[in-house]
Amino acid sequence: MSASDCIPGIARGRPGTLAVAGALTLATTLFGSVAFASGLPAGPGDGPSEETTPLPRWREGGTPFDPNQNPLPYTISTVATDAPGVGLIESPPEYGPTRGVLFRYSAGAWPSVVRACVKALTADPAKDDIAYVVVASQAVANSAAAAFAADGADLSKVVFIIQPTDSIWMRDYGPHFVFQEGTLAIVDSHYYPQRKFDNFIPTLLGEENLLMPTYDVGLYYSGGNFLVGPDRSAFITALINLDNPASQGFNLDLIKEFYSTFQGIDTLHVFPQLPGSVDGTGHIDMWMYIVDESTAIISEFVPGSNGTAISVTNNAVPFMESLGFQVFRPKAFNAGGNHYTYANAFRVNDRIFVPVYGTAIVPGGNPAYNGFDAEAIATWQAAAGPNVEIIPIQCSSIISAAGAIHCIVKQVPRYVETMPSAIVLSPAGGETWLEGSTERIRWNATDTDNVALASVDLHYSLDDGQTWMPIAAGLPDNGSYDWLVPAGASSTARIQAVVHATGGATVAAVSNPYRQARGTATVYDFSANAGVDRFAWGHQTGSWAANVSGKAAPVAIGLTAANYIALATSNATGGNADPNRFIPPTITSPNEATHLFRFDLSEDPASIAEIELLWEGYADRCTQVELYIWDTSRGQWGDGRGLVGQNRYANSFARNTDKELVAHLRNDIGNYLDAAGSLRVLVYAQRATDRTFHDYIAVTVKQLDACTFDLDGNGVVDGADLAAVLAAWGPCSGCPADVDGNGIVDGADLAAILAAWGDCG
């Protein structure tokens with residue numbers, strides 16, 4: 001794929017890019033050559049391209065607030081864990097190197113504020129920062145380009161992205177960027193359910209525009225309530241506990257685990273939130289900002305302000321100082337029902353954009369606030385130091401919606417290392433890939449300044465990486481390749497991705513070991529034997545605690561023959577009414593969508609190398625869909641890896657279009673089959689009244705060729721092979737006796753040898 005097919009600075013290749021005629025031409029020496037990237041076209045019912053009444057930052061129905069909250073901040077620490085799938089996750093702080101800034105533009109939602117930010121970001125010829133602007137249509141892009149140019153913005157540094165949205169608050173719904181083993185990726189949290197297009201934006205940007213891996217974190221939180229600090233730390237308010245209540249399984253340990261696993265946060269600092277009468281959002285970015293690794297901004301409410309607001313912010317000062325921060329305090333106040341804050345700023349490298357509300361520094365505000373503006377700018381300059389430029393942005397028009405400029409932007413991190421970074425995402429490790437099957441290799445790579453990489457070569461190894469054989473060379477860096485697995489067996493096979501930068505630098509990434517072997521794959525789906533040895537029930541339950549937990553059959557209404565036909569094939573292309581999908585009845589309040597699938601397997605558990613579960617569909621309003629597996633040994637729904645209970649799902653996502661949820665059983669398979677060989681799968685939606693729409697579900701059982709267990713190669717599985725297993729008993733990385741490839745020679749390997757006993761020639 002050519003450079004002209006890339007979003008400059010981020011994307012590594014995407015077909016179908018468009019140009020805004022006569023308006024946008026990027027300097028190819030810096031960024032490539034495309035200035036417009038279209039996402040999936042908005043379909044019927046996607047809403048108007050311009051809102052007549054812009055949505056405020058506070059949520060519909062109001063932000064929850066606990067009047068009895070702890071008035072003091074506290075710290076939660078946890079041990080670092082691996083990233084989603086593979087690799088080490090790190091959340092870059094906002095004061096880290098930045099490649100550009102994401103905005104959302106609409107002529108109906110405070111366009112003057114966005115125009116001012118885009119101009120200030122791009123107009124300086126000495127800066128190369130990019131404004132990535134999400135718009136509803138090409139017509140809006142054309143209009144925005146003309147407005148930006150008239151204001152003096154440099155259009156060669158503006159990239160438009162067409163995607164449907166509901167509101168301007170990019171910080172809150174926008175992508176949480178992370179580095180995954182040095183490569184850029186996106187984490188997608190849950191946003192307001194009423195704003196389904198906003199809720200889906202991070203995944204769309206990752207999959208359709210930025211071409212980055214996206215991971216769904218099972219937490220409801222907005223980006224404005226998440227400030228990343230130094231040393232894998234972050235700062236949030238207690239709103240996180242109200243949005244993710246303990247009654248839904250979100251105890252404090254689980255919340256910190258999510259932050260650690262998905263965002264690389266090992267220390268989470270939790271502050272009380274401001275009362276709704278002061279701030280309608282509950283977000284920390286309305287009164288705090290992390291300027292750098294040792295400096296913080298905390299609002300100082302003027303005398304006579306709300307007592308809780310004064311207490312929350314004043315108590316935060318010694319807490320931050322105890323962490324080693326020097327604290328600076330611009331004033332904050334409420335007037336006319338609005339919360340005027342100077343903390344809601346954002347940093348881009350050596351520039352900090354700060355809201356103002358008066359007329360003396362930037363025209364257009366209220367002269368009564370000139371003194372506050374002057375004091376705030378001076379405070380910010382003192383906090384940032386002499387080498388950082390403070391740029392004031394007039395925010396008097398937008399502040400009545402409970403947000404300023406930090407709320408409407410999201411910084412895109414800049415990769416600054418001199419060598420590219422790369423990671424192999426699939427195989428993640430432990431998979432069984434059979435000869436003759438087609439498997440998808442996935443990787444991610446990032447180069448200096450996020451520029452597009454030239455090409456990728458793929459190789460595989462059957463001897464734990466000692467020697468490599470070619471798969472394909474000169475591939476575009478689009479992140480995936482479908483591979484026809486060749487002949488060859490190994491319990492320590494690996495995939496290598498070699499990425500080539502345009503400047504000549506080359507970096508190789510190697511996967512975790514997977515198993516490659518001869519064998520068979522049997523698919524159980526509803527294209528045959530529906531209602532005979534494969535069944536489904538639905539459609540709703542009252543709550544997890546009362547109706548699902550500990551119940552192998554939480555729903556009892558069986559699907560019809562027509563439902564089974566709709567589930568039999570992955571063929572749905574339309575929305576909720578597509579007859580090619582199973583469309584459940586409407587969920588009645590306050591029930592939650594719940595569907596049970598049972599597959600009666602004929603295989604002996606000891607002969608099974610791997611079971612793959614696949615469900616395809618989505619849920620209303622980007623509701624999180626969760627895939628669980630019944631653990632017969634624990635009498636509970638779980639993740640198929642030994643953890644059980646609510647939120648211990650095998651996989652999940654939240655989106656508005658079909659996607660495959662995939663999970664695997666690789667160890668202790670007998671724990672997930674009952675005495676009759678039945679495997680039970682639960683598809684559960686997290687929010688009340690939101691339906692799940694099902695296109696396809698299948699279970700694939702992989703069995704290895706019997707001769708895989710002929711460890712000495714004499715054509716028969718016999719006592720010599722049994723002796724080899726017993727001699728290698730215990731931890732054993734890559735040895736042939738570890739026939740299930742789980743890193744230990746144990747009872748599962750012994751059972752597999754016994755199940756394959758006899759002539760295998």
- Task: List, in order, the whole-Hz ³J(HN,Hα) value for each residue of the stretch 418-431 obtained from phi through the Karplus relation with A = 6.51, B = -1.76, C = 1.60 and θ = phi - 60°; use x for Gly and Pro.
- Result: 7, 10, x, 10, 8, 8, 8, 8, 8, x, 7, x, x, 5
- How far, in degrees from 0 to 90, does helix 252-263 lean away from the longest principal axis of the Cα atoms of the chain, to the nearest 10? 90
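If the only charges are +1 at each Lys and Arg Cβ and -1 at each Asp and Glu Cβ, what is the size of the charge dipole of the stretch 283-360 around the Cα centre, to the nearest 20 debye? Kindly include the intermediate steps, with their values, before the conclusion.
Details: 4 positive and 6 negative charges, 45 e Å.
Magnitude of the dipole: close to 220 debye.
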- Message: With angles folded into 0 to 90 degrees, how steeply does helix 111-122 sit against the dominant principal axis of the chain? Use alpha carbons for both and round to 10.
- Response: 80
- Task: Decide, for the chain, between rounded, prolate and oblate: order the square roots of the alpha carbon gyration tensor eigenvalues as a ≥ b ≥ c, take rounded if a/c falls under 1.5, and otherwise choose prolate if a/b is larger than b/c, else oblate.
- Result: prolate
- Task: Convert each backbone phi in the stretch 192-202 into a coupling constant with the Karplus relation 6.51 cos²θ - 1.76 cosθ + 1.60 (shift: θ = phi - 60°), then list the ³J(HN,Hα) values in order as whole Hz, x for Gly and Pro.
- Result: 4, x, 6, 10, 5, 6, 4, 4, 8, 4, x
- Query: By the scheme Lys and Arg +1, Asp and Glu -1, what is the net charge of all other residues having a beta-carbon under 14 Å from that of T689?
  - Reply: +1
- Task: Under 1.5 on a/c is rounded, so check that first for the stretch 340-417, then, if it is not, pick prolate when a/b is larger than b/c and oblate when it is not; a ≥ b ≥ c are the square roots of the alpha carbon gyration tensor eigenvalues.
- Result: oblate
- Message: Output the 0 to 90 degree angle, nearest 10, between the alpha-carbon long axis of helix 307-322 and the longest principal axis computed from the alpha carbons of the chain.
- Response: 70
- Between I391 and residues 5 or more places away or on another chain, the pairs with built amide H atoms under 5 Å apart involve I352, F353, V354
- Task: Give, as a single signed number, the net charge of other residues whose beta carbon lies under 9 Å from the beta carbon of C760, with Lys and Arg counted +1 and Asp and Glu -1.
- Result: -3
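In deg cm²/dmol and to the nearest 500, what is the mean residue ellipticity at 222 nm of the chain if only DSSP H runs of at least 4 residues count, each as -39500 (n - 2.57), divided by the residue total?
Calculated mean residue ellipticity at 222 nm is -4500 deg cm²/dmol.
For the stretch 52-161, rounded, prolate or oblate, judged on the Cα gyration tensor with a ≥ b ≥ c (square roots of eigenvalues), a/c < 1.5 rounded, else prolate if a/b > b/c?
Details: a/c = 2.36, a/b = 1.47, b/c = 1.60.
Verdict is oblate for the stretch 52-161.
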- Report the one residue of V499, V140, Q326 whose Cα lies farthest in the direction of the positive end of the charge dipole of the chain (charges on C-beta: Lys and Arg +1, Asp and Glu -1; origin at the Cα centre). V140
- Taking 673-685, 129-141 and ranking on average Cβ neighbours within 10 Å, highest first, one gets 129-141, 673-685
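At R0 = 25 Å, how high is the FRET efficiency between N370 and S294 if r is their beta carbon distance? Nearest 0.05 is fine. Show your work: numbers first, answer last.
On the way: r = 31 Å, r/R0 = 1.24.
Efficiency computed from Cβ-Cβ geometry: 0.20.
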- Past 29 Å, Cα to Cα, is the threshold; run K256/K659; K127/K196; K256/K331; K196/K702; K119/K256 against it and keep the listed order. K127/K196; K256/K331; K196/K702; K119/K256
- Message: Check which residues have an amide H placed less than 5 Å from D631's amide H, if you skip close sequence neighbours.
- Response: Q636, W637, G638
- Would you grab the residues whose amide H sits under 5 Å from the one on I161? Only those 5+ places off in sequence or on another chain, please, with H modelled 1.01 Å from N. A37, V133, V134, V135
- Residue-wise HN-Hα coupling along the stretch 136-146, computed from phi with Karplus coefficients 6.51, -1.76, 1.60 (Hz; x: Gly, Pro): 7, 6, 5, 4, 5, 4, 4, 5, 5, 4, 5
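Find out how many positive minus negative residues lie around V228, taking Lys and Arg as positive, Asp and Glu as negative, among other residues whose Cβ is under 14 Å from that of V228.
Numbers: positive: R171, R232, R347, K410; negative: E90, E94, D231, D266, D285, D292, E293.
Residues close to V228 contribute a combined charge of -3.
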- Message: Suppose the chain between Q194 and V532 were pulled fully straight at 0.36 nm per residue; how much longer would it get relative to their current alpha carbon spacing?
- Response: 117.6 nm
- Picking from Q180, A748, L726, whose Cα lies most toward the positive end of the charge dipole for the chain (charges on Cβ: Lys, Arg +1; Asp, Glu -1)? Q180
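Treating the beta-carbon of each Lys and Arg as +1 and of each Asp and Glu as -1, no other charges, what is the dipole magnitude of the stretch 120-267 about its Cα centre, to the nearest 20 debye? Show your work: numbers first, answer last.
Values: 7 positive and 18 negative charges, 45 e Å.
Result for the stretch 120-267 is approximately 220 debye, rounded to the nearest 20.
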- Relative contact order for the chain: what is it in percent, counting Cα pairs under 8 Å that are at least 6 residues apart? 11
- Message: Assuming 0.36 nm per residue, please report the length gained on full extension of the stretch N571 to S455 beyond their Cα-Cα distance.
- Response: 38.4 nm
- Item | Signed unit charges on C-beta, dipole axis of the chain, positive-most listed residue T448, T359, S633 | T359
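Beta carbons within 10 angstrom, averaged per residue: use that to sort the peptides 315-327, 436-448, highest first.
Values: 315-327: 16.1, 436-448: 19.8.
Final packing ranking: 436-448, 315-327.
Bear in mind that the values in this text are calculations on the coordinates, not laboratory data. Quick caveat, the model's predicted, so the values are computed rather than measured. Methodologically, a virtual Cβ is constructed for each residue, glycine included, from the backbone with ideal geometry; neighbour enumeration extends over all protein chains shown.
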